[in-house]
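All remarks here apply to the structure that follows.
The values are calculated or read from the model by the stated rules, or taken from the named source; none is laboratory data. Keep in mind that this is a model prediction, so the values were computed, not measured. Cβ coordinates were reconstructed from backbone atoms using ideal geometry, including for glycine residues, and neighbour counts include every protein chain displayed. Surface areas here come from the heavy atoms of the whole protein model, side chains and all, with no ligands, DNA or RNA. Shrake-Rupley method; radii C 1.70, N 1.55, O 1.52, S 1.80 Å.
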Amino acid sequence: MISRRALRRGKSRVMVGLMGVAVLVAILPLFLILASLVIEGASSLSISFFVNRPAPVGETGGGVAHAILGTLMIVGVASAVGIPLGVAAGIYCSEYRGTRLAWVTRFVADVLNGTPSIVVGLLAWTWVVATQKHFSALAGSIALAFLMVPMVMRTTEELVRLVPDSLREAALALGYPRWRTTLVVVLRTALPGIVTGSLLAVARVAGETAPLLFTALGSEYFSFDMDRPMAALPLVVYKYATGPYPEWHKLAWTASLVLILVVLVLNVAARLATRQRFDRA
Amino acid sequence: MTERIPGAPQVPAIVARDFSFWYGERKTLHEVSLTFSRRAVTAIIGPSGCGKSTFLRCINRMNDLVPDTRTAGELEVEGRPVYSRTLDLVAHRQRVGMVFQRPNPFPKSIYQNIAYGPALNALALKRDLPEIVERCLRRAALWDEVKDRLHESALGLSGGQQQRLCIARALANEPTVLLMDEPCSALDPIATQRIEELILELKQDYTIVIVTHNMQQAARVADRTGFFDAGRLVEMGETNQIFTAPKHERTEAYITGRFG
């Protein structure tokens with residue numbers, strides 16, 4: 001009896017150990033990436049990097065402030081379009097999951113989710129850039145929004161499905177019409193998860209380069225005009241990393257680090273904002 | 001508190017005549033005919049799957065959520081046909097409150113849980129809400145326990161407190177009928193006792209229908225008791241009579257524990 005129990009305990013320890021190893025393997029790449037970014041890029045980090053435009057070739061200094069601004073604007077507009085659409089579609093597919101439209105929407109979203117981002121960029125190019133006959137930040141936002149919708153939709157759908165039916169019944173039994181039950185009870189309950197899912201989508205598209213290459217195009221200047229070409233951090237990284245000068249390569253590392261920092265700050269800020277709202281509730 | 005129909009205490013609050021219900025092809029209620037008296041507690045007992053919960057959920061049409069169901073026969077609450085196409089479902093559910101098997105407070109503050117219904121149904125002005133919240137919590141015998149933490153999450157309450165909160169939430173809508181679907185099955189004996197005391201207290205003002213698996217509970221709280229078996233109402237009468245002198249063999253077998 002005792003030996004069998006010891007055997008069991010041994011097995012348990014081995015399995016827990018294996019799981020620990022698996023976790024390490026899973027997070028190792030993250031740390032490797034962060035470490036190399038810091039090692040290669042941190043040395044060039046300075047205030048000037050955050051507030052200045054790039055210096056002309058050959059001069060030192062300069063920054064990527066125009067690209068930080070550009071990324072915030074392009075991703076901001078993409079989120080303003082993509083997140084509400086995705087959340088709405090996700091709620092529909094979950095609350096009315098038996099309908100044929102929900103099935104079709106889900107299928108289309110899965111296909112779109114698997115579509116390479118460069119193809120989505122091509123679509124935005126055909127629709128916006130080719131018809132307007134000039135590159136624009138808006139075209140980039142549209143491409144990114146297209147990428148966000150299926151991601152946000154699928155997470156929303158999963159999270160809304162997790163809201164227990166007993167809560168829906170509670171609201172309906174109080175005389176809530178179905179649409180209000182969905183908005184007030186179901187959506188509110190699932191909101192923290194939806195926020196997290198949306199942030200993941202924001203983080204992912206903030207790093208997208210391919211769809212911006214022939215839409216937002218990139219620029220060396222500060223710009224608030226969504227109808228003109230605009231800089232973005234991934235484009236800066238791409239340009240500097242593929243350029244011929246060693247200083248550029250260094251700038252590419254630093255710009256990558258900044259990109260990750262921007263995403264991180266966005267994440268933390270949005271999470272703090274939603275947490276406070278829920279404490280008050 | 002609530003609008004009453006004057007001088008008509010004999011008119012039953014809820015009437016079913018040959019009421020049947022189908023989930024898809026499966027007929028789960030067979031020509032049920034019964035009445036529930038106003039301002040009294042009626043218990044529905046019966047083995048699992050006998051259709052007692054289904055029947056209860058028909059009264060405020062909670063089964064509408066389930067696709068592919070249909071009904072036949074008549075079911076009326078306060079003289080209004082429940083399955084009529086012209087029924088205002090929102091107003092109907094406001095008049096017919098429901099308490100569920102598991103406490104299901106909204107993941108919000110205690111205060112908001114109660115204020116939700118009246119605010120929605122435009123029963124109250126915003127400035128009256130604090131008073132309504134207090135009155136309903138007092139009515140549900142919960143006020144003293146939560147008055148200092150009205151704005152904390154309702155999920156921090158114990159199961160019994162949550163269930164009383166759910167009762168208070170239902171009362172805030174000023175219903176005339178209160179449906180209770182095994183309201184104590186997830187609670188310990190002490191919490192159960194408090195809910196039972198509350199039911200006895202509330203029956204002065206409300207028509208209460210309670211589905212229960214616990215026969216002692218039916219005996220303790222109900223004025224009348226109905227016994228369901230296999231989707232049929234076997235018999236219904238004064239609680240005393242059902243438990244001491246059942247007319248039907250199946251009823252006797254069930255209450256003496258020989259089946260179900």
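Here is a yes/no grid of residues against (1) outside the structural domain of A:Val262 (by TED's automatic domain parsing); (2) part of a helix (DSSP H, G or I); (3) open to solvent by 80 Å² or more (accessible area, probe 1.4 Å):
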{"position": "A:Ala6", "(1), (2), (3)": "yes, yes, no"}
{"position": "A:Ser12", "(1), (2), (3)": "yes, yes, no"}
{"position": "A:Met15", "(1), (2), (3)": "yes, yes, yes"}
{"position": "A:Leu18", "(1), (2), (3)": "yes, yes, yes"}
{"position": "A:Val23", "(1), (2), (3)": "yes, yes, yes"}
{"position": "A:Ile27", "(1), (2), (3)": "yes, yes, no"}
{"position": "A:Ala35", "(1), (2), (3)": "yes, yes, no"}
{"position": "A:Glu59", "(1), (2), (3)": "no, no, yes"}
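Inspect all residues belonging to the stretch B:158-172 and state whether any of them is surrounded by fewer than 22 Cβ atoms within 10 Å (Cβ to Cβ) and among the hydrophobic types (A, V, I, L, M, F, W, C). No, the stretch B:158-172 contains no residue that is surrounded by fewer than 22 Cβ atoms within 10 Å (Cβ to Cβ) and among the hydrophobic types (A, V, I, L, M, F, W, C). Take the residues in the stretch A:136-186 that are outside any helix (DSSP H, G or I) and open to solvent by less than 50 Å² (accessible area, probe 1.4 Å); name whichever of them is farthest from the other protein chains (Cβ to nearest Cβ). Looking at the filtered set, the residue picked out is A:Ser136. Counting only residues that are touching a residue at least 12 places away in the same chain (Cβ under 8 Å) and either under 13 Å from A:Thr155 (Cα atoms) or not in a helix (DSSP H, G or I) (or both), the stretch A:86-98 holds 9 of them. The lone criterion from (1) within 14 Å of chain A (Cβ to nearest Cβ); (2) closer than 14 Å to B:Glu174 by Cα; (3) open to solvent by 70 Å² or more (accessible area, probe 1.4 Å) left unmet by B:Gln101 is number (2). Does any residue of the stretch A:185-200 turn out to be of a type in the set (D, E, K, R) and within 20 Å of B:Pro107 (Cβ to Cβ)? Yes, there is a match, as at least one residue in the stretch A:185-200 is of a type in the set (D, E, K, R) and within 20 Å of B:Pro107 (Cβ to Cβ). In the stretch B:62-98, the residue that is most open to solvent (accessible area, probe 1.4 Å) out of those that are within 12 Å of chain A (Cβ to nearest Cβ) and of a type in the set (S, T, N, Q) is B:Gln94.
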